[in-house]
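Scroll down for the structure; my scribbles are underneath it.
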Amino acid sequence: MTQIKTPIIEISGLKNYLGDQWVHTDVNLSVNQGEIFGIIGGSGSGKTTILRSILMLLKPTAGSIHVFGQALENIDQHDAEQLYKRWGVLYQHSALFSGMSVLENIMFPMQELANLPEKFIKQLALIKLVLVGLPTHAAYKLPSELSGGMQRRAAAARAILFLRRALNLTVVIVSHDIDSLSRTADRVAFVGEGEILAIDPIDKLMKNKHPLISKYFSKNIN
């Protein structure tokens, strides 16, 4: 029996008009529960704009987006706040609070969003720290005292990324790192010409003959 996959994110007919030009003219994709989904494309293709639309940081010009089954068009403040509590975001340059220790950074969103005892929040934060491979002594360091790689891991702990197998999380990654996507992503969408040109496992996507896709991989693999 074929297992039915549950979409966590569904985008249909997404259009975005920004800066006197169309960034997206017809974006369609779905991300399934428990999937690691990559988004790639050339500079200016609109990869980040798709994420901004999903995260309700940008209201699309047209089209529909559903996250956890909730339509984002005209969503009210209460429902939006409930959705915010169900996702985490890892920024490209970590975006950790420089004046807080790593542990305090991880604890911060739980303190803001969860009605839990402080002792329990600290225990959860330490568990997250260990789950992403950081030593416990890193908890009390400032972000500036960590290497770049350790900063990224600390930020991942705050956003609860890379824990799909343990928690059945769904992860969406925008990246140019083909090697990392090859190791982690189940499927990858290629954005170009205002739409999604292809969605495939990356090994199959790399063989796609579309001029934009083949040019992208020839440029980013070498």
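What follows is calculated from the coordinates using simple rules that are stated; it is not laboratory data. Just so it is clear, the structure is predicted and the values come from calculations on it, not from any experiment. Positions of Cβ are backbone-derived with ideal geometry, glycine not excepted, and every protein chain shown enters the neighbour counts.
Test of understanding: express the Cα radius of gyration of the chain as a ratio to 2.2 N^0.38 Å, with N the residue count.
On the way: Rg = 18.6 Å, N = 222, 2.2 N^0.38 = 17.1 Å.
Against the compact-globule rule of thumb, the ratio is 1.09.
Restricting to DSSP H runs of at least four residues, report the calculated mean residue ellipticity at 222 nm for the chain, -39500 (n - 2.57) per run over all residues, nearest 500 deg cm²/dmol. Intermediate results must be reported in sequence, preceding the final value.
Details: 9 runs with 80 residues, N = 222.
So the calculated ellipticity at 222 nm is -10000 deg cm²/dmol.
Evaluate the relative contact order of segment 1-86 (contact order divided by residue number), counting alpha-carbon pairs under 8 angstrom at least 6 apart; express in whole percent.
Here the relative contact order equals 32 percent.
Taking H placed 1.01 Å from N in the peptide plane, check which residues at least 5 places from Val188 or on another chain put their amide H under 5 Å from its amide H.
Gly38, Asp200, Ile202
For the chain, what proportion of DSSP beta bridges, expressed in % and rounded to the nearest 5, is antiparallel?
Of all bridge pairs located within the chain, approximately 65 percent are antiparallel.
Under the definition of Cα pairs under 8 Å and six or more residues apart, what whole-number percent is the relative contact order of the chain?
Relative contact order comes out at 28 percent.
Can you order the peptides 125-132, 46-53 by their average number of other Cβ atoms within 10 Å per residue, highest first?
Values: 125-132: 17.4, 46-53: 20.6.
Output ranking for 125-132, 46-53: 46-53, 125-132.
Would you list which aspartates and glutamates come within 19 Å of Lys15, measuring only between C-alpha atoms, while excluding same-chain residues fewer than 8 positions from it?
The qualifying aspartates and glutamates are Asp26, Glu73, Glu193, Glu195.
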